[in-house]
Amino acid sequence: MDNKLMLMIPGPTPVPENVLLALAKHPIGHRSGEFSKIQAEVTANLKWLHQTQNDVLLLTVSGTGAMEAGIINFLSPGDRVLVGCNGKFGDRWAELAVAFGLNVDKVTAEWGQPLNPADFQAKLAADTAKEIKAVIITHSETSTGVINDLAAINQHVKAHGEALIIVDTVTSLGAVNVPVDAWGLDVVASGSQKGYMIPPGLGFVAVSAKAWEAYKTAKLPRFYLDLGKYRKDAAKNTTPFTPPVNLIVALQAALQMMQAEGLEGIFSRHLRLMKATRDAITALGLPLFAPEGAGSPAITAVAPTTVDAEQIRSVMKKQFDIVLAGGQDHLKGKIFRIGHLGFVSDRDVLTAIAALEATLLQLGYQGFTPGAGIAAAAKALL
């Protein structure tokens, strides 16, 4: 049946109907008073979502663009940085830092395992000369379904005293509690097509006062992504360059929905969906890729051993119009990933698990009792 596609991937995520309708409005001038009012509301609500009084700047980029802005505005060539690498996106930030001539010191963990905060503590404590200028980590590692212990790592950064903490929250902001001011996070980057519930195209960067001090002496080249320009214009509820007007109107609608649900409602819903999904997968006899206690509320990765991951994805798409994500890089064909962030409800998870059970039966997998996944998910949701 046409137009029944269901996205259960880590992005793009489903978009609510009222957000789609907002997106479909006739464009308005981005230098108009009408748009300035929208910009002011959006900025205030972004600060609410980030739990910060700091600047939250809006860029016409993907999440990777937001992270690049978070690096080039606050660092200089040759600066030593610690980069947490335990998946594709941690590795991407290391590649990005190398591309800009930074001195990259990786803190690694096996894909599917969380970063060890003690590894950061050891390197930071040994840096008596205060040469480490920044610690860069991915909070929710999308490629593996692992969430890293940002709070614990950040404590060690704060004990260092000099280093900035720069965080990719692309699949955690809007799904997980990220109290920017309470934790003293310096640079926090995210993207629109995840927990924000709108299509791709917008990136967000929250910047602390400490980071703005680093901005004054940072020497990496910047122009379009010069956050100083965005900060100056944001104070006047405008932008230095032409923004995607309709995406910002859609963001206005999405943030209104998020405020209506409330932060605690958003966070508890994502935790509930994660538990329901993980419990269902376990009841189906399929191995979870992320260990207990390290699963991301945004996405669950599954590592089947007796049934092919790509066959599961293929049947789910062809038979049920449900899209699951595959593995990336060396995990391609070895895992599949079920996204449950953004505009996702209890019903969506139950539907996906029911379709997964039917898919497993169709593929001849006999490692479960039919109905076990649904029963486990329903119990978790209740």
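Values in this text are rule-based calculations from the coordinates and carry no lab data. If you're wondering where the values come from, they're calculated on a predicted model, not measured in any experiment. Cβ: placed from backbone, ideal geometry, glycine included. Neighbour counts: every protein chain shown.
General observations
- Here region 185-334 is treated as a sphere whose radius is the Kirkwood value from Cα pairs; by Stokes-Einstein at 4 °C and 1.567 mPa s it diffuses with a coefficient of 67 µm²/s.
- Built amide H within the under 5 Å cut-off of ILE165, gap 5+: VAL135, ASP186, VAL187
- Couplings 3J(HN,Hα) for region 228-235, derived from phi with the Karplus relation 6.51 cos²θ - 1.76 cosθ + 1.60 (θ = phi - 60°), are x, 5, 5, 5, 4, 6, 4, 5 Hz, where x marks Gly and Pro.
- Result for the chain in a Gaussian network model with C-alpha springs under 10 Å: among ASN18, ASN237, ASN103, the largest mean-square fluctuation is at ASN18.
- Whole-angstrom gap from region 230-309 to region 328-382, using each part's C-alpha centre: 17
- Evaluated at q = 0.13, 0.19, 0.21 Å⁻¹, a Debye calculation over the C-alpha positions of region 169-234 (equal weights, vacuum) places log10 I(q)/I(0) at -0.43, -0.87, -1.00.
- Packing-based exposure ordering (other Cβ within 10 Å, fewest first) of HIS50, HIS160: HIS160, HIS50
- For the chain, size of Cβ-based charge dipole, Lys and Arg +1, Asp and Glu -1, in debye: 520
- Prolate/oblate/rounded label for region 46-115 (Cα gyration tensor, a/c 1.5): oblate
- For GLY327, distant residues with modelled amide H under 5 Å away: GLY333, LYS334, ILE335
- ³J(HN,Hα) computed for each position of region 27-39 - Karplus, 6.51 cos²θ - 1.76 cosθ + 1.60, integer Hz, glycine/proline x: x, 10, x, 7, 9, 8, x, 4, 5, 4, 5, 5, 4
- The chain: calculated mean residue ellipticity at 222 nm from DSSP helix runs of at least 4, using -39500 (n - 2.57): -13000 deg cm²/dmol
- Over the Cα atoms of the chain, the radius of gyration divided by the Kirkwood radius equals 0.98; this is the Rg/Rh ratio.
- Per-residue Cβ neighbour counts within 10 Å put TYR224, TYR230 in the sequence TYR224, TYR230, beginning with the fewest.
- Considering only ALA280, ALA352, ALA235, the mean-square fluctuation computed in a Gaussian network model of the chain, springs between alpha carbons under 10 angstrom, is largest for ALA235.
- Cα coordinate range in region 97-170, projected on the principal axes (Å, largest first): 36, 28, 20
- For region 152-206 and region 1-76, distance of Cα centres in Å: 15
- Long pairs among LYS47/LYS123; LYS37/LYS194; LYS194/LYS318; LYS210/LYS275; LYS47/LYS229; LYS4/LYS25, criterion Cα-Cα beyond 30 Å: LYS47/LYS123; LYS210/LYS275
- Rounded if a/c under 1.5, otherwise prolate or oblate - region 285-333, Cα gyration tensor axes: prolate
- Based on alpha carbons, the Rg and Dmax found for region 1-144 are 19.7, 64 Å.
- The residue among PRO114, PRO304, MET6 whose Cα reaches farthest toward the positive pole of the charge dipole of the chain, with charges on the beta-carbon of Lys, Arg, Asp and Glu, is MET6.
- For ASP55, the residues whose amide H sits under 5 Å from its own are VAL207, ignoring neighbours fewer than 5 places away on the same chain, with H placed 1.01 Å from N.
- Karplus (6.51, -1.76, 1.60) ³J(HN,Hα), θ = phi - 60°, over region 262-275, in Hz, Gly and Pro reported as x: x, 4, 5, x, 5, 5, 5, 4, 5, 5, 5, 5, 4, 4
- Volume in Å³ per residue [convex hull over Cα atoms, computed for region 263-381]: 99
- The order of GLU131, GLU264, going from fewest to most other C-beta atoms within 10 Å of their C-beta, is GLU264, GLU131.
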